[in-house]
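Here the structure comes first, spelled out in structure tokens, and everything after it is commentary.
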Amino acid sequence: MRAVTGDPLLALAGIAGGGVAAQWLADRLRIPVIIVLLVAGLLVGPVLGLLDPDELLGDLLFPVVSLSVGVILFEGSLSLGVRQLRAAGPVALSLVTVGAAVAFVLTTLLAVTVLGRPAHSAALLGAILVVTGPTVIGPLLRQVRPRGRLGPILRTEGILIDPLGAVLALLVFEVVEAEQTGQAVVSILGTLAGVGLSGALLGLAGAALVWAAMRWFLVPDHLQQAVVLGTVLVVFALADHLQEESGLLAVTVMGLALANQRRVSVERVAEFNETLQVLLVSGLFLVIAARLDLDDLRADLGLNLLFLAGLVLLVRPASVLVATLGSRLSRRERAFLAVVAPRGIVAAAISSVFALRLDASGLEGGSALASTVVVVIIGTIAVAGLAARPVARALDLAQPEPNGVLVLGAHEWGRQLADVLAAHGVRTKLVERDRARATTARLAGRDVHFGSILADHTVDTIDVDGIGHLLAITGSDEVNAMAAERLRPVFGSGRVWRLAPRQDGSAHTRFPSHLPGRVLFADWATEEAIETRLQAGAAVKATRLTEAFDWDAYRHRNPDALLMAVVRNGRPIIAGAADKLQPRPGDVVVGLVFPVAA
């Protein structure tokens, strides 16, 4: 079969489309997306020979990879607001300082003793492998969904340690190239000064430029995302031009500065960058996997696997143990942190750059460095991807499956619906801004959050562990639609529901039906229509179907029933206006029904 590299248009489209397809497949199969991407990259690259990234991109390969990594790091740091940093606490800071130092020393010693590498190559390998990275951590956390602080800690560590790892590798290389101790000290100090000036200052300058443009409305809304992305790319490239390996620090500082100011909103920018990150992460891992040389992987494979085992079983646990001394983390939480340390695209990019530099300087170990890092990347991703969720479950640190329901509206039938679902094993939580209704629900023993779903703090403070659906059933069509829009990033478009809007106005005042949120129950089932049925004696009831009393029998007995949900093995299936549910024996049918005459 002819390689698609001969057709650059087809190859680039294949990378984008194949990456997204891998994301979708991993989500459907509920397996770590990184595993799927690596397998796909190996198949189209060294196995089948359909894609050769070096031939496709040539000298542009590493600049494209570097810019993409910069955008990914910016998107990650843009999510590190005050709440995220407070949740991560001093543990994350300790992991990227004390933990990184321990990992650097132990990895260097391991490379000398196990791999037999010379001191300069071992130290460079140790510096490169302190990184983890959001390109791997982010998708992994979405799969595992750990409880409490673990997610913020790992996410913060992955974002902050990438630029630090790049700078550490640069410092080690400066020492390797220096011929005298005094020359090495001068070189380190000069590099640190260059990194601080070009990285930190340019990052702050980029953030200030974006802030001013948005604060004073110098950029129209439709150009905001493009302006921010362009600024990120320029800041990264300019910082890297002034001081090598400082671009990652610059974009991280820029993202942190924008995330922690309060004058302008960056939500639209963050949403755009999150979409872009999915494409970039998918494409990057396909490209990296497709570049692998199977012969290089086979060389010293046994020693590299032994080195990998040392990293997983010794280095990471030791660095976590030392970094978390005196913290309030439990032993179970520390154990989980010790398992999750996958290396990603940053480690691959840095190793490729410094392997070339070693060869150019006449020092040995360049090709061996790159092949070892590749084995570590594949191995740590496989270990974390396959073991993280089982370990989290075994340690009781994984959030329950998101099958619960968040009911917006604690009126009478909203409380009835929540009670019926909870009685059949579905976690339910009510949200109500009317104090009397909230108090009534709380006194009846229901889990209720008092407050407006549209308030800034509500979404951040409400406990949604194990909840995966929003039912917006208030009497206001506007509130339902706005709540659906606000909660869509939390639950996903397919799990955000709202009542059908009233259609009793003129064409000029009629509420549109195409706004965010899937329409619940039936197109006619507005809040007013349901209240009318309640006043006529209807109530929310649950009925378990059997072989003798099936769905047809239920409909015959309750011809006017409004189907609301079906509970199957403790999982709710919400009835949508556009859905044609077919409950089966064993299911619990939840509906608004009238009393049946004797």
Out of (1) modelled with pLDDT of 90 or more; (2) within 19 Å of residue 567 (Cβ to Cβ), the one residue 494 does not meet is (1)
Open item on the list: Take the conditions within 29 Å of residue 279 (Cβ to Cβ) and at pLDDT below 85 and apply them to residue 96. Does it pass?
Closed with: no
Selection from region 404-423 of residues under 31 Å from the mean Cα position of the chain (by Cα) and surrounded by fewer than 20 Cβ atoms within 10 Å (Cβ to Cβ) yields 422
Counting only residues in region 530-554 that are in contact with a strand residue (DSSP E or B) (Cβ under 9 Å, 6 or more places away or on another chain) and part of a helix (DSSP H, G or I), the one nearest to residue 406 (Cα to Cα) is identified as 530
Of the residues in region 583-598, those that are loosely packed, with under 13 Cβ neighbours inside 10 Å and either at pLDDT below 90 or not assigned by TED's automatic domain parsing to the domain that holds residue 496 (or both) come to 595, 596, 597, 598
Selection over region 394-430 where residues are of a type outside the set (A, V, I, L, M), in contact with a Ser or Thr (Cβ under 9 Å, 6 or more places away or on another chain) and either in the same structural domain as residue 336 (by TED's automatic domain parsing) or outside any helix (DSSP H, G or I) (or both) yields a count of 3
In region 62-80, residues that are in contact (Cβ under 8 Å) with a residue 24 or more places away in the chain and under 17 Å from residue 348 (Cα atoms) total 10
| query | Within region 279-288, is even one residue more than 22 Å from the chain's Cα centre (by Cα) and either under 30 Å from residue 82 (Cα atoms) or not assigned by TED's automatic domain parsing to the domain that holds residue 188 (or both)? | reply | no
Just to be sure, is residue 391 within 30 Å of residue 35 (Cα to Cα), hydrophobic (A, V, I, L, M, F, W, C) and not in a helix (DSSP H, G or I)?
-> no
All conditions in (1) at pLDDT 85 or above; (2) under 14 Å from residue 209 (Cβ atoms) are true of residue 237 except (2)
Residue 136: passes all of (1) in contact with a Ser or Thr (Cβ under 9 Å, 6 or more places away or on another chain); (2) not in a helix (DSSP H, G or I) but (2)
Those helices (runs of 4 or more DSSP H) completely within region 1-73 that have 1 or more residues that are surrounded by 18 or more Cβ atoms within 10 Å (Cβ to Cβ), among the basic types (Lys, Arg) and at pLDDT below 85 are none
- Message: Being in the same structural domain as residue 208 (by TED's automatic domain parsing), among the small types (Gly, Ala, Ser), within 23 Å of residue 205 (Cα to Cα) and assigned to a helix (DSSP H, G or I): is that true of residue 250 here?
- Response: yes
Looking at the structure I just gave you, is residue 130 surrounded by 24 or more Cβ atoms within 10 Å (Cβ to Cβ) and either of a type in the set (Phe, Trp, Tyr) or part of a loop (DSSP other than H, G, I, E, B) (or both)?
yes
Scanning region 455-474 for residues that are exposed (fewer than 15 other Cβ atoms within 10 Å of the Cβ) and over 18 Å from the mean Cα position of the chain (by Cα), the one modelled with the lowest pLDDT turns out to be 456
For region 74-93 the number of residues that are assigned to a helix (DSSP H, G or I) and surrounded by fewer than 21 Cβ atoms within 10 Å (Cβ to Cβ) is 9
Matching residues in region 189-241 (in a loop (DSSP other than H, G, I, E, B) and closer than 15 Å to residue 258 by Cβ) number 1
query: In region 78-91, is there at least one residue being farther than 18 Å from residue 281 by Cβ, in contact with a Gly (Cβ under 6 Å, 6 or more places away or on another chain) and assigned by TED's automatic domain parsing to the domain that holds residue 206?
result: no
Residue 321 being under 22 Å from residue 105 (Cα atoms), among the hydrophobic types (A, V, I, L, M, F, W, C), touching a Lys or Arg at 6+ places or on another chain (Cβ under 8 Å) and in a helix (DSSP H, G or I)
yes
Per the filter on region 332-348, residues crowded, with 22+ Cβ neighbours inside 10 Å and hydrophobic (A, V, I, L, M, F, W, C) are 336, 337, 340, 341, 345, 346, 347, 348
Within region 57-76, the count of residues that are among the aromatic types (Phe, Trp, Tyr) and under 21 Å from residue 268 (Cα atoms) comes to 1
Restrict the check to region 162-169 and report whether at least one residue is free of Cβ contacts under 8 Å to residues at least 24 places away in the same chain and surrounded by fewer than 24 Cβ atoms within 10 Å (Cβ to Cβ). no
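Per-residue answers, yes or no, for (1) surrounded by 20 or more Cβ atoms within 10 Å (Cβ to Cβ); (2) modelled with pLDDT of 85 or more:
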position	(1), (2)
215	no, yes
232	yes, yes
251	yes, yes
267	no, no
281	yes, no
296	no, no
304	yes, yes
308	yes, yes
Taking region 448-475 and the residues there that are out of contact with any helix residue (DSSP H, G or I) (no Cβ under 8 Å at 6 or more places or on another chain) and charged (D, E, K, R), the one that is farthest from residue 521 (Cα to Cα) would be 456
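The values are calculated or read from the model by the stated rules, or taken from the named source; none is laboratory data. Remember, it's a predicted structure, so these values are computed and weren't measured experimentally. Positions of Cβ are generated from backbone atoms using ideal geometry, with glycine treated the same way; all protein chains shown enter the neighbour counts.
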